[in-house]
Amino acid sequence: MGFALSGGSTNYSLAGGYGSGHSDMFQAAIYSSTHINAAYLSAVLAYGWHHVTTSRYVTVAGSDNLTADFNAYDVGGRLEGGYRFVVPGIFDSRTIGVTPYAAVQLQAFRTPAYSEVATSGAPTFALSYEARTTTTLRTELGTWLDKRYGLDRDSALLLFGRVAWAHDTYSDPSVVASFQALPGSSFTEFGAAPVRDSLLLTAGAELSMRNGWAVMAKLDGEVANGSNTYSGTVRLRYAW
């Protein structure tokens, strides 16, 4: 059982310089894992706080810079279980670990009601947004592979990978907005709907040293019809 704290930031921009946004993030999580022989069951509960700023330009009559500043929150949980099999090596090679697993993950993201202000130009086209909570449920079914090599001075190199199928069920990704200058002019904006089925791919390596330090690097990918997402992670860890 343990806990984790993290922070980060994100940025986005629209083509043509018509808008941009920034988010600072803080996350906290508690997790637990138990093993029964080669079987395992892990659970995690996480909370996230996001400070979001947005900026967009409207050039209908002059140039208006409309900005917003608000805090958003999200909570999530994940439950994962699997069983590790040891596959004997071939031609005196080392054994390979094969771990089929299944997981379910739930996340809820809430944005408050907020309004844009004009930092330059006129607020004629400034919008107000209603509060909104969006939920996503993901199920995963796949397999982890791992292979460990012993090195000099009690160090070890772990190679690992994953192939899995993910299915996402999500609430309607929409938000209700209205023009501040036109009371009763509400309309609905629809966000891009996520794909429902995707292929998850992971490849990575971790070097563990005798003094308690470990460094890990991995690449993750989500491949789906019309949507591909790739990310990389580097982690430095010290255990005592």
Restrict the check to the range 69-76 and report whether at least one residue is in contact with a strand residue (DSSP E or B) (Cβ under 8 Å, 6 or more places away or on another chain), under 30 Å from residue 237 (Cα atoms) and among the charged types (D, E, K, R).
yes
Result of the Cβ filter at 8 Å on the range 44-63, keeping first residues that are at positive phi and partners that are surrounded by 14 or more Cβ atoms within 10 Å (Cβ to Cβ) and among the hydrophobic types (A, V, I, L, M, F, W, C), at least 6 apart or interchain, is 62/122
Note down all Cβ pairs under 6 Å where the first residue falls in the range 12-37 and is in contact (Cβ under 8 Å) with a residue 24 or more places away in the chain, the second is surrounded by 12 or more Cβ atoms within 10 Å (Cβ to Cβ) and of a type in the set (Lys, Arg), and they're at least six residues apart or on different chains.
19/56
If you go through 143, 135, 124, the only one that is in a loop (DSSP other than H, G, I, E, B), of a type outside the set (Gly, Ala, Ser) and surrounded by fewer than 17 Cβ atoms within 10 Å (Cβ to Cβ) is 124
From 99, 95, which residue is without any contact (Cβ under 8 Å) to a residue 60 or more places away in the chain, on the phi < 0 side of the Ramachandran plot and surrounded by 15 or more Cβ atoms within 10 Å (Cβ to Cβ)?
99
What's the total number of residues in the range 34-91 that are small (Gly, Ala, Ser), part of a strand (DSSP E or B) and loosely packed, with under 13 Cβ neighbours inside 10 Å?
1
Condition check for residue 108: closer than 30 Å to residue 19 by Cβ, at pLDDT 95 or above and not in a loop (DSSP other than H, G, I, E, B)
yes
Please go through the range 188-217 and pick out each residue that is within 16 Å of the chain's Cα centre (by Cα) and within 16 Å of residue 235 (Cα to Cα).
202
State whether one or more residues within the range 179-197 are modelled with pLDDT of 85 or more, surrounded by 14 or more Cβ atoms within 10 Å (Cβ to Cβ) and among the basic types (Lys, Arg).
no
When residue 169 is evaluated against the numbered criteria (1) surrounded by 14 or more Cβ atoms within 10 Å (Cβ to Cβ); (2) within 16 Å of the chain's Cα centre (by Cα), which criterion, by number, is the only one it fails?
(1)
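The values are calculated or read from the model by the stated rules, or taken from the named source; none is laboratory data. Note that the structure is a prediction, hence the values are computed from the model and not measured. Positions of Cβ are generated from backbone atoms using ideal geometry, with glycine treated the same way; all protein chains shown enter the neighbour counts.
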